[in-house]
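Structure first, then comments.
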Amino acid sequence: MPLVLPSLPYATDALAPYISRETLELHHGKHHRAYVENVKKLVRDTALEGRALEEVMREAARDPSLRTLLNNAAQAWNHAFLWQSLRPKGGGVATGPIAERIHADFGGHDRLVEQLSIAATTQFGSGWAWLVFDGARLQVVQTSNADTPILHGKTPLLTIDVWEHAYYVDYRNRRDAYVTAVIDRLLNWDFANANLARALAASRRPVMAEAAGR
Ligand code: FE
């Protein structure tokens, strides 16, 4: 992922009434922009200048003195992923190939919603709830603050931002109402299917290379 502030994939009022224009303008235009600008400042004139966000994160994660860079880079990545995790007229029961995996790994859509909702509402303080693929099965995980599953060897499929800046303008302290609205109305299952397909193709690649080498 390049180190830029990506444009939102929809208009700033497209997720209303579940996420308002005011929230999106602040969240994308101020919070996300600040993370990207901070990373740019911190890598300027260093060996990490011009590198992809993922590389910056991996390098920064190895060096405790680069904690501020790591946090800002991870937040830049997480927010770029977040905008694609949402869409107008999204949410509801998952469609496409991921629906079968949800049934197999969670026991059905309702069980997934329950786990995702618990992960998002019980994350203490700032953080994220994620649907991830661990290489074998789907999982729901939480991360704190800027932490991201890609630093833990898991492939993100969808995320819900539960920092207060994501919901306070629209929902005040009612994080549970925000989480329900995101799950029921906004999650982008097409994006989740595309992420899962890429992860499965990547996991098959070494096997195919091995087979071709025989
Ligand atoms: Fe955020």
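Couple of notes before you dig in:
- The number of residues in region 121-169 that are in contact (Cβ under 8 Å) with a residue 60 or more places away in the chain, open to solvent by 50 Å² or more (accessible area, probe 1.4 Å) and of a type in the set (Asp, Glu) comes to 1.
- Cβ-Cβ under 9 Å pairs, at least 6 apart or on other chains, region 20-32 side within 11 Å of the ligand (Cβ to nearest atom), far side small (Gly, Ala, Ser) and assigned to a helix (DSSP H, G or I): 23/166; 27/166; 31/166; 32/76; 32/80
- Here 80, 61, 94 are screened, and the one residue that is in contact with a Phe, Trp or Tyr (Cβ under 6 Å, 6 or more places away or on another chain) and surrounded by 13 or more Cβ atoms within 10 Å (Cβ to Cβ) is 94.
- Residue that is farthest from residue 87 (Cα to Cα), among those in region 170-182 that are among the hydrophobic types (A, V, I, L, M, F, W, C) and buried (at least 18 other Cβ atoms within 10 Å of the Cβ): 179
- Count - residues of region 154-176 that are more than 11 Å from the ligand (Cβ to nearest atom) and assigned to a strand (DSSP E or B): 4
- Residues within region 90-120 that are touching a residue at least 40 places away in the same chain (Cβ under 8 Å) and part of a loop (DSSP other than H, G, I, E, B), tallied: 7
- Failed criterion for residue 72 (all others in (1) touching a Phe, Trp or Tyr at 6+ places or on another chain (Cβ under 7 Å); (2) surrounded by fewer than 17 Cβ atoms within 10 Å (Cβ to Cβ) hold): (2)
- Residue 182 β-branched (Val, Ile, Thr), in contact with a His (Cβ under 9 Å, 6 or more places away or on another chain) and not in a loop (DSSP other than H, G, I, E, B): no
- Subset of region 70-93 (residues that are at pLDDT 95 or above and away from the ligand (no atom under 16 Å from the Cβ)): 70, 87, 88, 89, 90, 91, 93
- Within region 45-69, considering residues that are basic (Lys, Arg) and either modelled with pLDDT under 95 or assigned to a helix (DSSP H, G or I) (or both), the one farthest from residue 80 (Cα to Cα): 67
- Residue count, region 7-24 (criterion: open to solvent by less than 70 Å² (accessible area, probe 1.4 Å) and in a helix (DSSP H, G or I)): 2
- Among residues that are among the small types (Gly, Ala, Ser) and within 16 Å of the ligand (Cβ to nearest atom), residue 99 is not included.
- Residues of region 27-38 that are surrounded by 14 or more Cβ atoms within 10 Å (Cβ to Cβ) and within 18 Å of the chain's Cα centre (by Cα): 27, 28, 31, 32, 33, 34, 35, 36.
The values are calculated or read from the model by the stated rules, or taken from the named source; none is laboratory data. Values in this document were obtained by computation on a predicted structure and should not be read as measured data. All Cβ positions, glycine included, derive from the backbone under ideal geometry; neighbour counts span all protein chains shown. Just so you know, the surface numbers come from the protein's heavy atoms only, side chains and all, with ligands and any DNA or RNA stripped out. Shrake-Rupley method; radii C 1.70, N 1.55, O 1.52, S 1.80 Å.
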